[in-house]
Amino acid sequence: MLKRFSPTAIGRWSTRRPVLAIAAWLAFVVLAVFSLALTGSKPLENGAVGESARGYAMMDSHQLGLPAYEYAYLHSDSLTTGSPAFQDAGRQVAARMHETVGGPAHVAVAGDHHADLVTAQMNGPSPGGLAASVAAIGAAHPGITAMVVDPTSGSGNDLHRAEELSIPVTLLVLLISFGALVAALVPVMLAATAVIAAFGLLGPISQVFPLDDSVKTVMLLIGMAVGVDYALFYVIRSREERLRGASTREALERTSRTSGRSVLIAGTTVAIAMAGMFVVGSDILNGIAAGTIVVVACAVAGSVTVLPALLQLLGPRIDRGRIPFLPQLATAGESRFWAGVVTRVMRRPVLAMCLSGGLLVALAIPVLGMHVAKPSSASLSSASQSELAAQVTGEFPSTSSPAIVVATWPAGETAAMRQAVGRLETLAAKTETAHPPFLLGPGQDGRSVAVGLPLTGFGDNTASRNAVKTLRNVLVPETLGRVPGAQTAVTGDTAQDVDFTNQMTHGIPYVVAFVLALAFVLLLVAFRSIVVPIKAIVLNLMSVGASYGVLVLVFQHHWAQGVLGFRSDGAIISWLPLFLFVILFGLSMDYHVFILSRVREGVDSGMTTDDALRYGISRTAGVVSAAALVMVGVFSLFGTASALDLKEAGVGMAVAVLIDATVVRGVLLPATMKLLGERNWYLPGWLTWLPRPTLEGARHSPHEPQPALVTAGD
C-alpha cells in the first residue's frame, strides 16, 4: 500500500498523466481557497498566558475596560512653555482635540519647560484628520513642532514591503542560478501556489487554532523557502539525469525515486521541528506551528505531484529564455569551487574541523550572556522614530503602557475595595512603581474594577517588568488582596510579556528534547545509521548556536546600531530563541538530508565513503548554494524592517542559513565524515530490523559520463 503512494509511484503517475496532474493540483489550490471563503478565518483575540490571561478573562466576563486617550506632543528647542507663542499653540491644540475627541483636554508641562503633552479622553472611535490639524497648528507657530503621538506603538509598515519583494528577490536569485527564465519561474510558481493553498487551508485550521497576525508572515517566509528548495532539488536533479542521456520521462522517474524521497524526508523533518512549538502551550505558537506545518505539507505535495508533470510537459524547453550577460551559478554538474574545497578539507580533516568548529564555538560564546525580553518602546521602530518614543515617554511617564490591575469582590465589600484601591494608588506612586494620573474602569455590576497604572520605565523594559513583579508580589496582596473574598490579577502588555517569557523559558528544554528525539528517529530510519543522526543534530545545534551568538553581538550590544538603524535595549526578543531553533533546525536539515542522500547514493553504488563524499558534496553544491541564496535574500528583506522583532528574526535566519550552507556543509561536514570513514554508516546489530528505505538509490553509477545538455535552442 505504501509503495502505491511513494514519491516514485506518484512521480511516475504524474509524468504519464501530466495534464491531469496539473489540473488536480490547481483544483486542490482552488478548493483550499474556497474552504477559506466557507469557514472564514478566526483571529486570535488574545495570546496571553498565565495570570495575564486570567486578568483578561476577568475583564471580559465583567465587561471591564479602561478609558482611551489621544495624545498631542508640542516641542520647541528655542521657546519655553511659558512663552506666549507656546501657550497659544497649546490652547489651540487643546481646543482642537476637545472638539474632535469629545472629552476634556489637559495640558502637562515637561520638566525642562520645552515640551507640552495635551491629553484628551476619547468618547468614541479614533477621529480622522486630527493629526493633520495638530501639525498645522504647530506649523503656524514658528519654532514649535506639534504632532499626534502614540508613545507605545512601533512601526511595522515595511512588513508589506518585505512581503511584496520576497518573490522578485527569489526570482532574481533563481535567474542567476539557472540563467534561464523558464527554469527560474518553475520553483517560484510551485512555492507561490503552495503558499496560496496553505493560506486557504488556514480557514478551517483557524477554527481549531485561532491565528495571530504573524502567522501569515511566517508561512510566507517558510513556504517560499522550502517550496523553492524542493523545486530546486527536482529541477536540478532532472537536468543532471538528462545530462547523462536519459529521456525526459526516465530522468523524471529517477528524480522522483531519488530527490522525491529526499524532499519527503526533509519536509517531514521540518514539520517535526515546527510541531515542537505545540509543546509550549501558547496559542500564538500553536497557530504558527499549525500554519507552517500546513505550508510545508503543501510544498512537499506539490513537489512530488505537479512538479514532475510540469517538467514532463516542458522537457528541454525548461532551459528556454536564456538571459545573456547575466552571471550564473554552476548548478549543473560538479562545482569546481566546492570540489576543490572538499578535496583540501579531506587532506587535512583535523585542521579543517578545528578551524571551522572553533569558529562556530567562538561565535556561540556570546550566547552565555544572552538576555531575553520583549523590546522596549524605544526600540520597536527605527532609530529616529524610537528617539521620539523614548523622548515622549521619558518626559511624560504617564504615557507608558499601563499595568491593569483587575479585581472582583463579593457584595458588601465595595467600601473596603474602594479604600484598598486608594491605598494601591498611593503606594504605587510612593514607591515609583507607577506614575499618576491613574486610570479607573469600574464595572457596571458594582463588584468589579480595572485600574490602569502607567508603569515606571517605558512600560515594557526591565524597570517595567520589575514593577509588574512588585505589583503582583507586594502591592496588590497588601491592598486589594486583604479585602475578604476578593479575586485579583495583574495584566496588561507588560504583564503579558512577563508571563509569555516565563512560559517560553520553561518550555524551551521540552521543545528541544522533542525536536531532537523525533529528528534522531527519522534520520536513523532514513539512513540506517546511528552516527548520521547524532552528527546531524550536533552540526545543526552548532549552526543554531553560532546564529544566536551573532544575534547577541548585533542586537544586544551597540556596535551595529548605526549600520542596521535601530536602538539596542540590551536584550533579544523573548520568543525569538525558540522560534529560531525550530525554524533553523528544520531548514538546515533540508540541506543535510539532500547532501547525505547523494553521499549515500555513492556508497550504495560501490564507492568508498571518501569518494562518495566528494561526489555528494560537489554534486549538490550548486543547488545548496542557490537555495541558500534564496533564503538569505528573502530573510534579509525582513532584516531591513523597522520593527525590531522582524529585524532580529530576519538577521538571525539569514546569518544561520549562510553559516549552515558554507562553514557547516562545505567544511565541517566533510571533515567529520572523513575522520569517521566507514563508521559513518554504523548501525548496531540490535537495530538491523529497521526498514531499508532508499533515499537516493540510483540505478546507474555516479561514474557514468556526462554528455552535454541538449536544450530546445540547440
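Can you compute the FRET efficiency between Ala57 and Ser78 using 1/(1 + (r/R0)^6), with r the Cβ-Cβ distance and R0 = 51 Å? Round to the nearest 0.05. Working shown, then result.
Working: r = 51 Å, r/R0 = 1.00.
Efficiency computed from Cβ-Cβ geometry: 0.50.
Between Val182 and Leu313, what is the label-point separation in nm under the 7 Å Cα-to-beta-carbon projection?
A separation of 1.2 nm, rounded to one decimal place.
What number comes out for accessible area per residue over the chain if the probe is 1.4 Å? Units Å², please.
Numbers: 28440 Å² over 714 residues.
Normalised by residue count, the accessible surface of the chain is 40 Å².
Give, as ranges by residue number, the residues of region 665-687 whose backbone N falls under 16 Å from the point 7 Å along Cα→Cβ of Arg336.
Counting backbone N atoms under 16 Å from the label point, the list is empty.
Determine the relative contact order of the chain: mean sequence separation of Cα pairs under 8 Å and six or more apart, normalised by residue count, in whole percent. Show your work: numbers first, answer last.
Values: 1311 pairs, mean separation 143.9, N = 714.
This gives 20 percent for the chain.
In the chain, carbon and sulfur make up what percent of the accessible area (probe 1.4 Å)? All intermediate terms of the calculation are to be shown ahead of the outcome.
Numbers: 17790 of 28440 Å².
Accessible surface attributable to carbon and sulfur in the chain totals 63 percent.
Counting only pairs 8 or more places apart or on different chains, how many lysine pairs in the chain have C-alpha atoms closer than 27 Å?
Number of lysine pairs found: 9.
Return the distance in nm (one decimal) between the two label points of a simple spin-label model at Met147 and Glu164, each offset 7 Å from Cα along Cα→Cβ.
Each label point is offset 7 Å from its Cα along the Cβ direction, giving 2.3 nm.
For Thr39 and Ala131, FRET efficiency with R0 = 45 Å and r from the beta-carbon atoms, rounded to 0.05?
Efficiency, from the Cβ-Cβ distance: 0.75.
In nm, what is the difference between 0.36 nm times the number of residues separating Val30 and Arg344 and their Cα-Cα distance?
Details: separation 314, 0.36 × 314 = 113.04 nm, distance 5.12 nm.
Extra length available between Val30 and Arg344 comes to 107.9 nm.
Here are several values of Rg/Rh (Cα atoms, Kirkwood Rh): [x] 1.05; [y] 1.02; [z] 0.98. Which one was derived from the coordinates shown?
[x]
State to the nearest 20 debye the size of the charge dipole of the chain about its Cα centre, where the only charges are +1 on K and R beta carbons and -1 on D and E beta carbons. The partial results should precede the final answer.
On the way: 48 positive and 47 negative charges, 668 e Å.
With Lys and Arg at +1 and Asp and Glu at -1, about 3200 debye.
Starting from the Cα-Cα distance between Glu678 and Arg249, subtract it from 0.36 nm times their residue separation and give me the gain in nm to one decimal. Let's see the in-between values first.
Working: separation 429, 0.36 × 429 = 154.44 nm, distance 3.50 nm.
Fully extending the segment from Glu678 to Arg249 adds 150.9 nm.
By its C-alpha gyration tensor, with a ≥ b ≥ c as the square roots of the eigenvalues, how is region 474-518 shaped: rounded for a/c under 1.5, else prolate for a/b larger than b/c, else oblate? Don't skip to the end; give the middle numbers.
On the way: a/c = 4.68, a/b = 3.13, b/c = 1.50.
It is prolate, given that a/c is not under 1.5 and a/b is the larger ratio.
Could you work out how much longer the chain between Arg17 and Thr688 gets when fully extended? Use 0.36 nm per residue separation minus the Cα distance between them, nm to one decimal.
Numbers: separation 671, 0.36 × 671 = 241.56 nm, distance 3.86 nm.
Result for the pair: 237.7 nm of gain on full extension.
Inverting the mean 1/r over all pairs of different Cα atoms, compute the Kirkwood radius of region 483-585 and quote it in Å. List each step's numbers first, then the result.
Values: mean 1/r = 0.0599 Å⁻¹.
Over region 483-585, the inverse of the mean reciprocal pair distance is 16.7 Å.
For a quick protection proxy, order the peptides 170-183, 69-82 by their average other-Cβ count within 10 Å, most packed first.
Details: 170-183: 21.4, 69-82: 18.6.
Listed from highest to lowest mean packing, they are 170-183, 69-82.
Can you give the local net charge around Gly55? Use residues other than it whose beta-carbon is closer than 12 angstrom to its beta-carbon, Lys and Arg +1, Asp and Glu -1.
The answer is -2.
At R0 = 56 Å, how high is the FRET efficiency between Ile534 and Leu440 if r is their beta carbon distance? Nearest 0.05 is fine.
Numbers: r = 60 Å, r/R0 = 1.07.
E between Ile534 and Leu440, to the nearest 0.05, is 0.40.
Which shape class, rounded, prolate or oblate, goes with region 498-549 when its Cα gyration tensor gives a ≥ b ≥ c as root eigenvalues, a/c under 1.5 marks rounded, and past that a/b bigger than b/c marks prolate? List each step's numbers first, then the result.
Values: a/c = 4.90, a/b = 1.86, b/c = 2.63.
Oblate, because a/c is 1.5 or more while a/b does not exceed b/c.
What 222 nm value per residue comes from the helices of the chain, counting each DSSP H run with n ≥ 4 as -39,500 (n - 2.57) and dividing by all residues, nearest 500 deg cm²/dmol?
The per-residue figure over the chain is -20000 deg cm²/dmol.
Starting from the Cα of Ala411, step 7 Å along the direction of its Cβ; do the same at Ala139; then give the gap between the two resulting points in nm.
With each label placed 7 Å out from Cα toward Cβ, I get 6.0 nm.
If packing is taken as the average number of other Cβ atoms within 10 Å across a peptide's residues, how do 290-298, 412-420 rank, most packed first? Show your work: numbers first, answer last.
Numbers: 290-298: 26.1, 412-420: 14.8.
Put in order of decreasing packing, that is 290-298, 412-420.
The values are calculated or read from the model by the stated rules, or taken from the named source; none is laboratory data. What you see is a predicted model; the values in this text were computed from it and never measured. Every residue, glycine among them, receives a Cβ derived from its backbone with ideal geometry; neighbour counts consider all protein chains shown. Please note that ligands, DNA and RNA were not included when accessible areas were found on the heavy atoms of the full protein model with its side chains. Shrake-Rupley method; radii C 1.70, N 1.55, O 1.52, S 1.80 Å.
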